[in-house]
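Data first, discussion second: the structure below is written as structure tokens.
The values are calculated or read from the model by the stated rules, or taken from the named source; none is laboratory data. No experiment lies behind these values; they were computed from the predicted model shown. Reconstructed Cβ throughout: ideal geometry from the backbone, glycine too, with neighbour counts over all protein chains shown.
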Amino acid sequence: MRMLIWHVSHFASTPGQRGRSPVADAEPWPVAMDEGLLVFAAAEPEDEADPAATGQRAAVVIQRLAGQVKVTTVVLHSFAHLFGELGQPDAARAALNATQEQLQAQGFTVQQTPFGWFNALDIQAKGHPLSRVSRIV
């Protein structure tokens, strides 16, 4: 899984149009957060073998960064547009769900944007050295 993680002052997502994913959420919902980490994530073919393990590795990376910037709120946003070769949508969804479960078990407040939807995004990103990082897990 590839992740682009932003430390944000504010994030809001409003669902727009459904994408082509066969596992897109049937009914989308808006998401909003103040002061937290926004994680743009894309699963890759190698994540398909064990999405739960991928989610666990992602959670460790997110938790470490969250500790450094002192936040406990995370939004996971499936973002296939940023990366090259994508894994299957069901594996991506499973990895995101596993990431959310792992983080919540550690006391984080976690939301996901609707899977398989195009969203209008309102982002106010911070401007410090850890405000934008990329990771591969």
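Among the residues of the range 78-108, the one identified as surrounded by fewer than 19 Cβ atoms within 10 Å (Cβ to Cβ), closer than 18 Å to residue 60 by Cα and either hydrophobic (A, V, I, L, M, F, W, C) or in contact (Cβ under 8 Å) with a residue 60 or more places away in the chain (or both) is 105. Say we look at the range 1-18 and pick out the residues that are in contact with a Phe, Trp or Tyr (Cβ under 7 Å, 6 or more places away or on another chain) and either surrounded by 15 or more Cβ atoms within 10 Å (Cβ to Cβ) or of a type in the set (Lys, Arg) (or both); which of these is farthest from residue 92 (Cα to Cα)? The qualifying residue farthest from residue 92 (Cα to Cα) is 15. Residue check: residue 32 meets all listed conditions (1) more than 15 Å from the chain's Cα centre (by Cα); (2) within 14 Å of residue 113 (Cα to Cα); (3) modelled with pLDDT of 95 or more but one, namely (1). Of the strands (runs of 3 or more DSSP E) lying entirely inside the range 31-137, those containing at least 3 residues that are more than 14 Å from residue 12 (Cα to Cα) and of a type outside the set (Val, Ile, Thr) span 132-136. For the range 90-98, the count of residues that are touching a Leu at 6+ places or on another chain (Cβ under 6 Å) and either within 11 Å of residue 43 (Cβ to Cβ) or of a type in the set (Ser, Thr, Tyr) (or both) is at least one.
So that you can scan it fast, the table gives a plain yes or no per residue for (1) surrounded by 14 or more Cβ atoms within 10 Å (Cβ to Cβ); (2) under 15 Å from residue 4 (Cα atoms):
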residue	(1), (2)
51	yes, no
65	yes, yes
69	yes, no
74	yes, yes
120	no, no
133	yes, yes
